[in-house]
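Below: one structure, written as C-alpha cells.
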Amino acid sequence: MKVFLLCLILISPMPAAFAQNNRDASWNYHTGRNLESSGRIGEAEYYYSEAVRIANGEISRNTASRETYTALTWALQRQRKYQDVVTWGERGLRLFADEYRIMETMGEAYFYLNEYDESLRFMQRYTNNVPQGERTSVAYFFIGEIYRFRGKYRHADIAYTTAVRLEPNVALWWYRLGSVREAMRDLTQAASAYERALALNPEYAEAESGLGRVGR
C-alpha cells in the first residue's frame with residue numbers, strides 16, 4: 001500500500017502553485033509578451049513583474065545565468081524601466097560579455113533615454129556580431145532612426161533598407177525609408193517605399209500623403 005501511495009503521488013499532477021514556482025524568469029517574460037501581443041496588458045504586467053522578481057532572487061543567491069540577465073533586461077524593457085535595463089545589462093555583460101541579446105536590449109533602452117551615441121554603439125555591436133540574429137532587423141531600424149534624427153539620410157537609407165530586407169512586412173519601416181529618400185530627393189525610390197507601406201497598411205495616412213508629395 002505504501003508503494004502504491006508513493007507511485008500515486010509521483011504521477012499525480014503538481015499543484016498549480018508548485019508548478020508556477022518551477023517556471024523561470026524567461027518563461028514568465030515570454031508568457032507576458034504573448035499576453036501583451038493579445039492586448040492583455042494588465043495580465044502581461046504581472047508576468048513581467050514575476051520575471052523581474054525571479055531574476056533578482058537568482059542574482060541575490062549567486063545562481064544567475066545568462067538567461068537570468070537576458071530575461072531581466074527584456075522584462076524591464078517591456079515595463080519601460082530603461083535606466084534599470086542599462087544598469088542590469090551592464091552587470092550582465094560583465095559576467096557574460098558575449099550575450100548579444102542584452103546588447104540589443106541596451107541599445108533600445110539607450111535610444112528611449114535619448115542617449116543616441118550609446119544606442120548606436122550597442123546596436124552596431126549587435127549587428128556586427130549577429131548579422132542574422134532574431135533582432136537584427138529591429139537593430140537596423142533603430143540605427144536608421146538615429147541617423148534620420150541626425151540628418152544623415154544616406155546612412156539612414158542603408159540601415160532602413162537592411163531592416164526591410166530582413167523583415168519586409170512592417171509598414172512603418174517602409175514609410176521611414178520613403179521619408180529619407182524623399183529628403184534626399186530620390187523621388188522614384190521614395191514613391192516605391194511609400195507604396196510598399198500602403199500595400200501593407202492601406203489606411204496609412206502618412207504614407208499616402210508622402211506618395212502624393214513625390215508625384216504618384
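Summary of values
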| quantity | calculated |
| --- | --- |
| With at most 12 other Cβ atoms within 10 Å, longest stretch of the chain clear of loop GluC sites (Glu not before Pro) (DSSP) | 1-133 |
| Top positive-direction residue, dipole computed over the chain with Cβ charges, set Trp174, Tyr204, Tyr46 | Trp174 |
| Of Thr127, Tyr82, Tyr112, farthest towards positive along the dipole that unit charges on Lys, Arg, Asp, Glu beta carbons give the chain | Thr127 |
| Footprinting exposure proxy for Thr31, Thr127, Thr87 (fewest neighbouring C-beta atoms within 10 Å first) | Thr87, Thr31, Thr127 |
| Within-12-Å neighbourhood charge of Arg176 [Cβ basis; K, R +1; D, E -1] | -1 |
| Region 143-216 versus region 19-84: alpha-carbon centroid distance in Å | 34 Å |
| For Leu172, Leu177, order by how many other beta-carbon atoms lie within 10 Å, fewest first | Leu172, Leu177 |
| Cβ-placed point charges (K, R +1; D, E -1), dipole of region 22-102 about Cα centre in debye, nearest 20 | 80 debye |
| Total charge dipole magnitude, the chain, about the Cα centre, Cβ charges on Lys, Arg, Asp, Glu only, Debye to nearest 20 | 200 debye |
| Cα-centred dipole magnitude for region 146-216, charges only on beta-carbon of K, R (+1) and D, E (-1), debye, nearest 20 | 360 debye |
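Read-outs: derived from the displayed coordinates by stated rules, not from any lab. This structure is a prediction, so every number in the text was calculated from the model and none was measured. Every residue, glycine as well, gets a Cβ built from its backbone with ideal geometry; the counts of neighbours run over all protein chains shown.
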